[in-house]
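In what follows, a single structure is set out as structure tokens and then discussed.
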Amino acid sequence: MPKYKLVEADREKWNQIMSESPQFTVFCDIRYLDAVGRKYKNYFVLKGDQIRAGVSVILTEDESGCEIDDLVIYNGIMFLPVPDKKTVRKRFEEFEITEFVIEEFDKQFSKIEMSLSPFFEDLRPFLWHNYHSSNPKDKFNLILKYTSFIDISEFFLKKSYEKMELFKNMENKRQADVKNSIKKGSQIVLLESKNTSLFTDYYAQMMQEQGVEVKESFLTRLCDVIKNIINKNIGIMTGVKNYKGELSYITVFSYLLNESIYLFAAGLRDKMTRHDATFCIWETFRILSEKGICRVNMEGVNSPQRGWFKLSFGGDLKKYFQVRKDKTKDKT
């Protein structure tokens, strides 16, 4: 009899059970996934009658595979903690579970793509799968990504910003942005879900200015996600009004348990001053802190311009991996 079993997860129990996992994020939360507008499937990994792990994937349209989606930054395998288990046994069981999921998915899907959590540590089962095969279609391709985590717990202490280590650790330009925004009377505002179309308008215009065409279908999905997380109280949308009283920059952050994730941002070049984006993010940290959040994941620092901007707030650099295997085409 097999040691593990993969079963479709009980929808009503998924969030409650999997929220105990260190790898669980808003991207695997039913409330978020329902709004993404894609077919998805969540599984439990059972050892006997005990749930040891979960797996969340976005399905291809024909359901013959699973794939990465731009709106689902982390998914894949998530382990449940077993407090009384020694570290060596925990590591071995997680290795076994990962091997088991890979084998089961390899039987079921022609295409496998997952974007694993930054807290998924052991990639060896993916690296060793079909290790001796000379056929690249038998193996996983691992793509290295980076994100940054920022500790915002100092906001709980209600210190002035100049006395906060978080502020001191920011790049000088970011510090100056905060100071100048306060001096010029910039204001942070909480936006409601009914304002979501305003964000997508800003986003489309911003991308157009950068020469990037955004499909209407993506904007619709983006709008649905933002509305849903605000209405379900797992996300906020904030905007900054500059000294002219114009709404110039908007951000969207999720919040779940004690972690927030920077999701989306958009600003209009003709309305923005240089410091609006920094001030909007800084003040959103304060708002999130009031909701009990102590850590913010800046959700990717993987392009030069956006990456350096996000890293200029300080924070700890952490790697994560996307894993891909496609039997239908050769890897290059």
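Worth a mention:
- Within region 60-85, the residues that satisfy the criterion of being farther than 30 Å from Val214 by Cα and not in a loop (DSSP other than H, G, I, E, B) are Ile77, Met78, Phe79.
- Note on region 173-193: among residues that are more than 27 Å from the chain's Cα centre (by Cα) and exposed (fewer than 13 other Cβ atoms within 10 Å of the Cβ), the one that is nearest to Phe313 (Cα to Cα) is Lys183.
- Options Val101, Val57, Val45, Val88; residue that is in the same structural domain as Asp10 (by TED's automatic domain parsing), part of a strand (DSSP E or B), among the hydrophobic types (A, V, I, L, M, F, W, C) and out of contact with any helix residue (DSSP H, G or I) (no Cβ under 7 Å at 6 or more places or on another chain): Val57
- All of Ser254, Ser248 fail the test of being buried (at least 20 other Cβ atoms within 10 Å of the Cβ), touching a residue at least 40 places away in the same chain (Cβ under 8 Å) and not aromatic (Phe, Trp, Tyr), apart from Ser254.
- Condition broken by Phe155, with the remaining ones in (1) modelled with pLDDT of 95 or more; (2) over 20 Å from the mean Cα position of the chain (by Cα); (3) not aliphatic (A, V, I, L, M) satisfied: (1)
- Count - residues of region 267-300 that are under 21 Å from Leu222 (Cβ atoms) and part of a loop (DSSP other than H, G, I, E, B): 7
- Qualifying residue in region 14-33 (condition: touching a Lys or Arg at 6+ places or on another chain (Cβ under 7 Å), surrounded by 14 or more Cβ atoms within 10 Å (Cβ to Cβ), closer than 29 Å to Ser254 by Cα and not assigned by TED's automatic domain parsing to the domain that holds Ile261): yes
- In this entry, Phe309 passes the filter for residues that are modelled with pLDDT under 95, hydrophobic (A, V, I, L, M, F, W, C) and either closer than 30 Å to Leu123 by Cα or surrounded by fewer than 17 Cβ atoms within 10 Å (Cβ to Cβ) (or both).
- Condition check for Ser160: among the small types (Gly, Ala, Ser), farther than 20 Å from Ser312 by Cβ and outside the structural domain of Ser110 (by TED's automatic domain parsing): yes
- Of the residues making up region 154-175, not a single one is part of a helix (DSSP H, G or I), acidic (Asp, Glu) and either closer than 20 Å to Ser248 by Cβ or touching a Pro at 6+ places or on another chain (Cβ under 6 Å) (or both).
- Complete set of residues in region 108-146 that are in a helix (DSSP H, G or I), basic (Lys, Arg) and modelled with pLDDT of 95 or more: Arg124
- If you go through region 273-319 and pick out every residue that is closer than 9 Å to Ser148 by Cα and among the β-branched types (Val, Ile, Thr), you end up with 2.
The values are calculated or read from the model by the stated rules, or taken from the named source; none is laboratory data. On a predicted model such as this, the values are computed, not experimentally measured, just so you know. So basically every Cβ, Gly included, is an ideal-geometry build from the backbone, and we count neighbours across all protein chains shown.
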